[in-house]
Structures are given as C-alpha cells and as structure tokens.
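Data first, discussion second: the structure below is written as structure tokens.
The values are calculated or read from the model by the stated rules, or taken from the named source; none is laboratory data. Bear in mind the structure is a predicted one, so any value in this text is a computation, not a measurement. With ideal geometry, Cβ positions are generated from the backbone for all residues, glycine too; neighbour counts draw on all protein chains shown.
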Amino acid sequence: MTAKLNVLRYVLGAAMLGLWRNRTMTLGAVVTTAVMLVTLAAFLAINDTLNEMVTALGRKSNLIAYVRDDARPSRVTEIMQDLEQRPGVGEVVFVTKEDALRIFQERFFDQRDVIDILQANPLPASVELRMDDPAVLPALADELRGMTGVFESVAVPLDVVERLVSISNVSRAAGTAMIVALTAVALFVIANTIRIAVYARRQEIEIMKLVGATDWFVRGPFIIEGAFIGLVGATLAAVALVVMYLQVAPTITRLISFLPIATDVSFVRNLAVFIVLVGLVVGSIGSYVSVRRYLAV
Amino acid sequence: MIVLQNVSKVYPNGTRALDDVSLQIEEREFVFLVGPSGAGKTTLIRLINRDTSPDSGNVFVENTDVTRISRREIPKLRRRVGVIYQDYKLLPGLSVRQNVEFVLKSTGEFNGRTSKWVDEALALVQLSDRADHHPHELSGGEQQRTAIARAIVRRCPILVADEPTGNLDHATSWDTIQLLVRINALGATVLMATHNREIVDTMRRRVIEIANGKVVRDELGGGYDG
C-alpha cells in the first residue's frame, strides 16, 4: 500500500517537474488547447442558437389543411389522432368554420361587411399543425394533399422551411468538421509536447527501464502531463467563456432581441463543464498516443 | 544461477552476435567474459536482464526462462539483476545519493527502511562523504562506484558488468575489481565482461571466452588468453 502511495507521489512529482522543466512548450500547448476549446465553445453556442432558431421558426410555420365542407367529422377526427402520433408533429388543432370566421372578423375588422354581404360563412374549417421538426413538413403535406375526399387544399410555407432546414444542416456539418479539425490540432500539439518531453528525458527513461521500473511508472508522468495541459487549457477556456457570457451576452440580447440566443445560465454552465471534460480527455489521449509511439518501454 | 541453452541471436543487419551458445553459471560464482570487440559479450549480458531476446534458445535466470516472461514481468527480473555499464549511465542532474535512491524510487520501494540501504551501498563503495556531489564533480572511478552502488542497493543476487573498467585508469580499475570481489564475497553472482588482460590474468577466476558468437573456452582459474 505504501509502495503504491510512493509510486503515486513519485509519478505526480515527476509530472509536475517535467512540466516545469519544459515550461515554454507546456505554456504553448496550454494556450493552443485553450484557444481550440474557446473556439469549440463559441461554435457550440452558435450552433445551439441556430438550432433554436430553426426550431422556433419551425414552430411558427404551421401546416394548414383546409377541410372540405362535406368531409365526415369522424374521419377528420381520425386523421387528427393519427397526425398527433407522428414524429416531428407538435400540436394538432382543429379550427371550426365559426372560429375561422371569428378570426377573420377580428383580423380584418374593417372588411367584415364582405361577410355580411355573403350571408353564409364561406370560410372552411381547418386542421393546423404546429411542428417540432419542420423537416418532416413536405412529406406530410403531400400525404394530406392526397386525401382529396377530406381536404380542399393544404398550405405550407415550404420555401421558408426548406431554407431553414438546409441552413441548419449546413451549420451542423460545418460545426462537426470544425470540431474535428480543432480537436485534431489540439491532439497534435499535446502529443508533440509530450514527444519532446519524452525526448528530453530519454536518459532517465532508459535508466528507469534498466533498473526495473514498471511500464506505468515510466509512462505515468507523461500521461499526467498531457492530462494536466488539457485540464489547464480547458479551465482557461471555461473562464474565458464565462467572462464572455457575462460581458457580451446581455448586449447581444438587447441589440437583437428576436434571436433566441442561448444565454441562460445552465447552458453556459453545461458548456463550461463539457469543455473542461473535453480538455481532460484530449490531453490524456494526446499524451497516451505519444507515449505509445515514442516511449518503447 | 544463470543458464543459457543453445542461444542464437542475429541482428537485423545480419550480424550473428551469438551462435548456439550454451553455458551455466552457478550461484555466487565470479565469472569473466572475455573476447574481442563484437564477439557477442554485450549481447549475452543484455539477454540476462531481457534487454534483448534471442532468436532461438532459452535463457534461465534463477530458474525462470526469461525469454518467455511477459512484458509485465520484465521489471521483476531487472530488480533481481543489477547491471553496470562502461559509460556508468548516471543521471547528470542528480547527486550521487539521488542516483542511488532513484532505483528505489523507480520501483516505489523508497522509504525509511530502504534509505538505510542507500547509506550501506554508499559506504560499501566508499562514497559516503561524496554523496551530495553531482556526477560531473566526480572522477571516472567515483562515477563507476556510484553506478555500482546503484546496482547493488536493492541487494540483487546477480550483478552483471559490461566493461566496467573500460574507461578507467589502471589503479582505479583495480579499485573497481576489488569492489566487485567484495560484493561477490557478500553473496552475489558476478558476471563481468572485460578487455582487461591484466585483471583476468591476475584474478585467476573462471573465464568464458567468446569469439564470433561462439563459446571457444570455458576454463576455471583461467587467464585472458587461456
């Protein structure tokens, strides 16, 4: 037990000493990691905002299916129940002819004479869908248009929906590519730092191996160095993120209030925690890769 | 006890370092390993602490076939076999005492009890009063004695030395040999590869001569040239 503790103490001590001896490289790797993680965080925030926008605007873009006056009410109810079960569909509302008329009268107050002249209610009843995922709208619209016995016509703000969906897809793809690239850069920088550390201590490593140190005793300090670099870089990034959030977010919200920018505290907190974890993982993996490659113990 | 059975080793560049070598060294023996440069002496020593593996044959150290042990078991073997090199292999940034302690720290064995082992090892090599010096402040002989202290601090039953006097002058070489003889007398098996004709001829111990990767002579009480 005490031997294990001794080993742990030695490994930690050696890691800290190694980082200090190699401090210029260490600092460079920490800064690179921090920059990559801040960018990652900014990107995740932007992506999240875009997703929110897509969802929010998607909710507003309802599908309206106008019901034929001669359609059987029981059939309409059946269809509505079916629609409620569909993925991507948020809410299904039935608007009666009377409701439609009232809405029309409220909205076009100065033209209500038109209706008075007609004497009968010319407005159809309708089924309105509020969507969770606007991407399923086009297919749904086609399906409803096929039910000619029930629906007169189907109105979809298709162009807006399609554009939103494509923006969201592009942003997601670009985001993923960027995250992959940045992670690769951070991995490379950390792996390289550890490689140099291994090289600088090759004499020590050789002797340790020859006198019977275990693999993990030799590798441990390097892995911890990488993890430490990742952790410190990530902590810097998280601090920067919180500061930016406190300073910048209120201004943005004030200037462009219609944007559903992710500014709530829990989002930022989760993002900060996520970033710290990413830093730790990237640092550990980067150094592990380097140790595996350059430390033939 | 060290046993080699039909050991052959060819390096990737085609050099046949060892060719069907068999030999046996008993516990507490003191053996000189002689032969021209490139004869295979260093390869033989490296086989014993599994610093390299043979292409064929078996190497037994204390009844364990070290050619068959897993990577994880190598440290255990090396903790039983102390090695001394011609170039000392000391860590320049550490003092004499720290260099010796380094072995114990590397294996997590350094504590109050084993720090006494460091004192004893330093006393045996007569470096107690230079314990806080760094290698660059020491003479060659003192550096080699530091390396010997490091090799014996864990009280290894086996000590192998690869040309330990190769960089030392005449008098210092003799000091080093006297030290190895004392360590042998204290119970360790000692295998020493050397080019030092005078020492081998004077000591009259068992001599194993290797040439072109083969054992050409194995003689008790032999001289350098047989």
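Remarks
- Of all residues in the range A:52-70 being at pLDDT below 85 and outside any helix (DSSP H, G or I), the one that is surrounded by the fewest Cβ atoms within 10 Å (Cβ to Cβ): A:S61
- Residues in the range A:62-100 that are within 32 Å of the chain's Cα centre (by Cα) and among the small types (G, A, S) were compared, and the one that is nearest to A:N121 (Cα to Cα) is A:G90.
- Any pair with Cβ under 8 angstrom, 6 or more apart, that starts in the range B:55-75 at a residue that is more than 14 Å from every other protein chain (Cβ to nearest Cβ) and loosely packed, with under 14 Cβ neighbours inside 10 Å and ends at one that is outside any strand (DSSP E or B) and modelled with pLDDT under 95: B:N63/B:M1
- Pairs with Cβ under 6 Å, 6+ apart, first in the range A:184-205 and under 17 Å from B:L90 (Cβ atoms), second part of a helix (DSSP H, G or I) and among the polar types (S, T, N, Q): none
- When the range A:11-42 is filtered for residues that are under 20 Å from A:I223 (Cβ atoms) and among the polar types (S, T, N, Q), the ones remaining, listed by number, are A:N22, A:T26, A:T32, A:T33.
- Within the range B:76-97, being touching a Leu at 6+ places or on another chain (Cβ under 8 Å), of a type in the set (A, V, I, L, M, F, W, C) and more than 8 Å from every other protein chain (Cβ to nearest Cβ) holds for B:V81, B:I84, B:V96.
- Qualifying residue in the range B:105-115 (condition: of a type in the set (D, E, K, R) and at positive phi): no
- In summary, B:T165 fulfils each of the numbered conditions (1) more than 16 Å from A:Y10 (Cβ to Cβ); (2) part of a helix (DSSP H, G or I); (3) touching a residue at least 12 places away in the same chain (Cβ under 8 Å) with the single exception of condition (2).
- B:Q98 satisfies every condition listed in (1) at pLDDT 95 or above; (2) of a type outside the set (D, E, K, R); (3) out of contact with any Ser or Thr (no Cβ under 6 Å at 6 or more places or on another chain) except (1).
- Across the range B:103-126, the number of residues qualifying as part of a helix (DSSP H, G or I) and more than 7 Å from chain A (Cβ to nearest Cβ) comes to 14.
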